[in-house]
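Reading through the structure tokens given below for one structure.
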Amino acid sequence: MNDFVAAPQAIAMDFEGAGDGRERGLALLLLSMADDEFVIGFSDSEWTGIGPILEEDVAISSLAQDELGHAQALYTLLANVVDDGRDADAWAYDRPPEGYIHARLLDHPRGDWAATIVRRYLYDTADSARLEALVDSSHRPLAELVAKIRREERYHLMHVQTWIERLADAGGESRHRLLAALGSMGPDAGTVLAPLAGEAALVRHGIVTEPFAAMEARWRDGVGATFRRLGLPELPPTASADRTRTDHSDAFRALHAEFTIVRRSEVGATW
Amino acid sequence: MVMTAPISTDSVRARLATVHDPEIPTVSIVDLGLVHDIRVDDRRIAVELLPTFVACPALELIRSDATEALGGFGRPVDVSFTFAVPWTTERLTDAGRAGLRKAGIAPPAEPSAVRCPFCDSASVAMDSAFGPALCRSLFYCRGCRQPFEAFKPI
């Protein structure tokens, strides 16, 4: 249980049903990944209909739809581990804002197009390092899902990489906005790979095949090389190592009010 | 005592071949390579399918169409989705690739090897990797001057 003291009260209680240290660590990992995918997916879906050009409107909507699908699959794996009667929808919609444990990077509002691209670039590259550490996970259902997700994320990485280069090379207002977004989000970029409370159990049981610090180092190397090539400033270290996945922003609380509105308006509503 | 007639997995597969992708009526879910496993025992018929994309919104429709198609066997049917192996575009059969072309969709290939499904020209350009469905990209054919969709290689 001591492994989980850093998790907020609501989360710790959520996992009462999830057996030993292995299962609690696994539950925390699955919830953190599912919440990351759900929050960025929902947030980016707000561009649907107002994307900068038609092709990009379609592209960002596709990326958002992929992430929501990944979130649904991850919440389903979580429901099987915690096994307390809650299904994927209950996990996605029936928690108060403080019960979500997405990374602080994703607490930043959607912002302008440069902010959306920067948030997605930083998240997708970090998520990619995390997925690499799960390819050979001892939790088979997770390893199988990750194999599938990585094939889809390849398209996300190509797309967002192209956009970062376009904004950086365009100069003028594009580059100015890109730098502003990096300035506000850069210090929170590392929160995606900040160590989870249950990390020791995760590593010990082979659920992740390397510690989060190793994933973060690999991710920083890759991003660093791209930024040097584009003449962008080096990514700063994580601003605060505390509460990297709790204490959410007003922007997230507003998003939460939006994505839970159907569920709150009519209990048990289905599509 | 009532004897249950034997049901072969081939007969189940043949019935599944009558179920089509809801958006691509020229391709069956068998030719699309979605069928991972078929198990028949005295109590039920269990079918495992592979999603093309994790977030494909057609999954529930495919599940109910497949369940309905197997209803004639008179045994409970359980159709589920699995990630046991990732669905890849190599799973498409030749009939599936022909069916895609018939629907105006280029079969999956690396972008440089995509050919126009209408005039077979190789003089095509990708407009966007993202199309109207998660599984498709947008191309333009310089030969017949038509936009077309291509199945994404995955």
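Things to note:
- Take the Cβ atoms of A:D112 and A:R253, set R0 to 22 Å, and the FRET efficiency comes out at 0.60.
- For the range B:1-91: rounded, prolate or oblate by the Cα gyration tensor [a/c cutoff 1.5]: prolate
- Pairwise centroid distance, computed over Cα atoms, of the range B:16-35 with the range A:62-93, Å: 27 Å
- Taking a ≥ b ≥ c as the square roots of the eigenvalues of the Cα gyration tensor, chain B is prolate, since a/c reaches 1.5 or more and a/b is larger than b/c.
- Other protein chain Cβ atoms within 10 Å, averaged over every residue that makes up A:144-151: 5
- For chain A, complete DSSP H runs whose alpha carbons reach 18 Å or more along their own long axis and whose mean Kyte-Doolittle score is -1.0 or higher are A:21-44, A:54-82, A:113-132, A:140-170, A:172-189, A:212-229.
- Kirkwood Rh in Å, taken over all unlike Cα pairs in chain A: 18.9 Å
- Taking the Cα centre of the range B:1-142 as reference, the dipole from Cβ charges on Lys and Arg (+1) and Asp and Glu (-1) amounts to some 180 debye.
- Label-point separation in nm, A:A180 to A:L54, each point 7 Å along Cα→Cβ: 3.0 nm
- The label-point distance for A:E165 and B:R63, in a model that sets each label 7 Å from Cα toward Cβ, rounds to 4.0 nm.
- GluC sites (Glu not before Pro), loop per DSSP, at most 15 other Cβ atoms within 10 Å - longest free stretch of chain A: A:17-233
- Between the range A:221-261 and the range B:130-154, the alpha-carbon centres lie 34 Å apart.
- Global form of the range B:104-151, assessed from the alpha-carbon gyration tensor, a/c cut-off 1.5: prolate
- Antiparallel content of DSSP bridges confined to the protein assembly as shown, in %, to 5: 70 percent
- Charge-dipole axis of the protein assembly as shown as Lys and Arg at +1 and Asp and Glu at -1 on Cβ define it, positive-most pick from A:G85, A:A71, A:T270: A:A71
- For the protein assembly as shown, the dipole from Cβ point charges (+1 on Lys and Arg, -1 on Asp and Glu) about the Cα centre works out to 960 debye, to the nearest 20.
Values in this text are rule-based calculations from the coordinates and carry no lab data. These figures come from a predicted structure and were not determined experimentally. Cβ coordinates were reconstructed from backbone atoms using ideal geometry, including for glycine residues, and neighbour counts include every protein chain displayed.
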